[in-house]
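Visitor: Once you've had a glance at the structure underneath, I'll fire off some questions.
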Amino acid sequence: MRTYLKVTFNSDGAKPSRVRDALAGLGFQPMHGAHDFVYDWPDSSDVEGVLSFGDQIHAELQGLGCLFEMETV
């Protein structure tokens, strides 16, 4: 299972490298293509686990002035 993120940056927000560092702390890797970051789950999870992870992402990015879109497949 993988979680993909698309990130929209704001010129009044944090630098992209700062956002990358914040997401790396959660286990995300930057990638090229339709998505900006990917997280490979060690095991599969249920919807509640994915939502909990989304809460962690939200908390980590709070105050950095960017938006994110999450897709887990």
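The values are calculated or read from the model by the stated rules, or taken from the named source; none is laboratory data. It should be emphasised that the depicted structure is a prediction, and the values quoted were computed from it without experimental measurement. All Cβ positions, glycine included, derive from the backbone under ideal geometry; neighbour counts span all protein chains shown.
Visitor: If we keep just the residues of the stretch 63-73 that are over 12 Å from the mean Cα position of the chain (by Cα) and on the phi < 0 side of the Ramachandran plot, which is surrounded by the most Cβ atoms within 10 Å (Cβ to Cβ)?
Guide: L64
Visitor: Out of A14, A34, A59, I need the residue that is on the phi < 0 side of the Ramachandran plot, crowded, with 17+ Cβ neighbours inside 10 Å and of a type in the set (G, A, S). Which one? Give the steps one after another, and end with the answer.
Guide: Working: A34 fails: crowded, with 17+ Cβ neighbours inside 10 Å; A59 fails: crowded, with 17+ Cβ neighbours inside 10 Å.
Only one candidate qualifies: A14.
Visitor: Of E71, E48, which residue is modelled with pLDDT of 95 or more and assigned to a helix (DSSP H, G or I)?
Guide: Every option except E48 fails the conditions.
Visitor: Still on this model: Given the residues V7, V50, which is the only one that is surrounded by 11 or more Cβ atoms within 10 Å (Cβ to Cβ), β-branched (V, I, T) and within 17 Å of L67 (Cα to Cα)? Show your work before the answer.
Guide: Details: V50 fails: within 17 Å of L67 (Cα to Cα).
Result of the check over V7, V50: V7.
Visitor: Additional query: Quick check on my filter: what residues within the stretch 7-18 are within 16 Å of E60 (Cβ to Cβ) and either part of a helix (DSSP H, G or I) or of a type in the set (D, E, K, R) (or both)?
Guide: K15, P16, S17, R18
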